[in-house]
Amino acid sequence: MLDGFQYLPEYLNRQAQEELVDDIRNHMKNNPFFTPRMPRSNNPFSVKMTNFGELGWVSDGTGYRYEKTHPTTKKTWPSIPRPLMSIWEDISQYKNPPHACLVNYYNSGAKMGLHVDNDEEDLAAPVVSISLGDTARFRIGGLNRKDPTQSFKLHSGDVVVLGGQSRLAYHGIDHIYGGSSTLLKKGGRLNLTLRRVNV
Ligand code: SIN
Ligand code: FE2
């Protein structure tokens, strides 16, 4: 595993997870999930997305980028919920706060292909990733797409940090274990990634 990768299982206990879900739900008012599309092909992602923070990650036929506003409501994104800022402060070891929190929602058929998070200018800051709800099989490799990979399960409350060398590692979600968690009333998995975008 590349240097700077951290896997922090059970970082949030059940109560902290429930409080975080309530907070996220409040920040979802007027901030619905949208369906991102692949650049060029325009094919929809199976994952639904929205964002919190000054900037949010979006993708459509013209490409991947950060935007100040939601692609369908055209409103600015809600602020990043306080408990997520605390997680960043506790584990990022970074001097500055995140600009963006991408919220990914996976239903039981959704997955995310191997990719690198490299739309950010500030690559010295880590990506901090929080899992809630159904268990996922996460896959991580090296700096090249063809490097060997390893996979492990991410459970509700687990946190992963892609920092240091691992900041530009290929990673993705192979599979969601539908019905494996009772945290989210409608099932599925929420993933929150905190990102510093600009230097
Ligand atoms: C991502 O790479 O943006 C999401 C990873 C995850 O869902 O755990
Ligand atoms: Fe990613």
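The numbers here are math on the coordinates, done by the rules we state, and not lab data. A quick note: this is a predicted structure, and the numbers were derived from the prediction, not measured. Virtual Cβ from ideal backbone geometry, glycine too; neighbours counted across all protein chains shown.
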### Task
Within the chain, what's the longest run with no trypsin sites (Lys or Arg not before Pro) in a DSSP loop and at most 10 other beta-carbon atoms within 10 Å? Give the range, please.
96-145
### Around residue 175: net Lys/Arg minus Asp/Glu count, Cβ-Cβ under 12 Å
+3
### Query
Remind me, relative contact order of the stretch 78-173 in percent, using alpha carbon pairs under 8 angstrom and six or more residues apart?
31 percent
### Query
Within straight cross-link reach of residue 95, meaning Cα distance under 25 Å, which lysines are found once same-chain residues fewer than 8 apart are removed?
68
### Task
Quick one: which residues, 5+ away or cross-chain, put their amide H under 5 Å from the amide H of residue 60? H built at 1.01 Å from N.
37
### Summary
Ordered by fewest other Cβ atoms within 10 Å, a rough proxy for footprinting exposure, 69, 182 read 182, 69
### Summary
For residue 7 and residue 68, extending 7 Å from Cα along the Cα-Cβ vector and measuring point to point gives, in nm, a value of 4.1 nm
#### Entry: Residues in the stretch 40-62 that a label on residue 75 would reach, taking backbone N under 15 Å of a point 7 Å out along Cα→Cβ
50-54
### Task
Please list, or write none, the lysines whose alpha carbon is within less than 28 Å of the alpha carbon of residue 146, excluding same-chain residues fewer than 8 places away.
48, 111
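Only Cα pairs under 8 Å and at least 6 apart count here; give the relative contact order of the stretch 5-195 as a rounded whole percent.
Reported relative contact order: 26 percent.
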### Task
Could you go through the stretch 18-26 in sequence order and give the Karplus-derived ³J(HN,Hα) for each residue, using 6.51 cos²θ - 1.76 cosθ + 1.60 with θ = phi - 60°, rounded to whole Hz, and x for Gly and Pro?
5, 5, 5, 4, 4, 4, 4, 4, 4
### Query
Can you run phi through the Karplus equation (6.51, -1.76, 1.60; θ = phi - 60°) for the stretch 86-92 and list ³J(HN,Hα) in whole Hz, with x for Gly and Pro?
5, 4, 4, 4, 6, 10, 6
### Task
List every residue whose amide H lies under 5 Å from the amide H of residue 197, counting only residues 5 or more places away in sequence or on a different chain, with H placed 1.01 Å from N in the peptide plane.
99, 100
### Task
Among the aspartates and glutamates, select those whose C-alpha is under 20 Å from the C-alpha of residue 75, and discard any that sit fewer than 8 residues away in the same chain.
23, 54, 60, 67
### Summary
dims of the stretch 57-183, Cα set, principal axes, largest to smallest, nearest Å -> 36, 34, 34
## Note on the structure
Which residues qualify? For residue 79, with a placed amide H closer than 5 Å and at least 5 residues away or on another chain, they are 53
